[in-house]
Amino acid sequence: MTVIGALDRSHRPALERLLGATRAFRPDEIAVALELFDETFGSSAGSREVPDYEFVAAFNDAGSLTGYCCYGATPGTHGTYDLYWIAVDPVCQGAGVGSALLAEVERRLQERTARLLVVETSGRDAYDATRRFYGARGYRVAAQLRDFYAPADDRLVYTRDLSSSLQPASRGA
């Protein structure tokens, strides 16, 4: 069973292990993820009314971290948010942890009447499952920047219109 909850400073070692265990992220990418965590949960974090980065975590029955998301408002926009990170322990992948995390982020954003959630990912073959994950959850490719990360490693930008999710489904056609 997956329990959705909050992260705090004490989860940093578990988060670092989780990010490494996925084998999806390079060391420099893991360093960036941890930097965002540290910025949010570090000693000066309490001085900001609304953090730049927000986190949602998934835990198993034993209380171990099995996944997390990091997201935040996109500066200079109205109602647009970025999903910066989502990672699930490989042992738990395919068990609905990522779906539960993403659904929780979307729910929280819909409560704020967010309009759009933007996700960026790599075009490398290693990210095929990631791209299928987003596509299966209603995200569509909005842009592709060829050779962005490196030669033959495109940047794919997925978006999901959250405002339409607030509308009741229409009946009939």
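The values are calculated or read from the model by the stated rules, or taken from the named source; none is laboratory data. The structure displayed is predicted, hence computed values, not measured ones. No Cβ is skipped: glycine too gets one built from the backbone with ideal geometry, and neighbour counts run over all protein chains shown.
Annotations
- Some residue of region 123-136 being surrounded by fewer than 19 Cβ atoms within 10 Å (Cβ to Cβ), under 10 Å from the mean Cα position of the chain (by Cα) and farther than 22 Å from F59 by Cα: no
- Selected residue (criterion: farthest from F25 (Cα to Cα)) from residues of region 107-127 that are at pLDDT below 95 and among the basic types (K, R): R112
Residue-by-condition table, conditions (1) farther than 22 Å from A6 by Cβ; (2) of a type in the set (G, A, S); (3) modelled with pLDDT of 95 or more:
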| residue | (1), (2), (3) |
| --- | --- |
| V105 | no, no, yes |
| A129 | yes, yes, no |
| Y134 | yes, no, yes |
| Q144 | yes, no, yes |
| P168 | yes, no, no |
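- Close pairs from region 87-102: first within 25 Å of L116 (Cβ to Cβ), partner polar (S, T, N, Q), Cβ under 7 Å, at least 6 apart: A87/T22; V88/T66; G96/T2; V97/T2; V97/T66; A100/T2
- Residues of region 108-146 classified as among the charged types (D, E, K, R) and farther than 17 Å from T80 by Cβ, total: 7
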